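Undergrad: I'd like to ask you about the structure that follows.
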């Protein structure tokens, strides 16, 4: 049985709205996060952008996450002073990416009866997770190769 939800909006208005009439349902609107510029940014994030298929949403989200995970693992990890720091950072990022992909898949499977919004249903979440995996591993590879060849790309910095 699907329970009625007070904060469902028509697709033309966006997916995040104020609950209507029920004072017990709280919201987190502040003057900062509900400013028109911030709302425009939130509405155009890949998870909310209209017209994208779930796999493209996953690819775009994954590329951003994979790209930014390698650096912290390589530069702040326990092997940061070893010659293999960059490789261990890349492998650590890949391990975290696999964990995050498993979490996405599990979330889509468990909450498939309540999914509303741009990614609805377990099939869509499965596609988003597949796109996330491919995009994030690709982003991590790009970051690894850039950091590996930083002295060639920027000779004055090395």
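Undergrad: Note the full-extension length gain between residue 44 and residue 109 as 0.36 nm times their separation in residues minus their Cα-Cα distance, in nm to one decimal.
TA: Value of the extension gain: 20.8 nm.
Undergrad: Quick one: if the Förster radius is 25 Å, what FRET efficiency do residue 122 and residue 96 give, using the C-beta to C-beta distance and rounding to 0.05?
TA: Once the sixth-power term is evaluated, E becomes 0.60.
Undergrad: Kirkwood hydrodynamic radius for the range 64-104: how many Å is it when counted over pairs of different Cα atoms?
TA: Value: 10.2 Å, from the Cα pair sum.
Read-outs throughout are calculated quantities, based only on the coordinates presented, and are distinct from any laboratory measurement. It should be emphasised that the depicted structure is a prediction, and the values quoted were computed from it without experimental measurement. Positions of Cβ are generated from backbone atoms using ideal geometry, with glycine treated the same way; all protein chains shown enter the neighbour counts.
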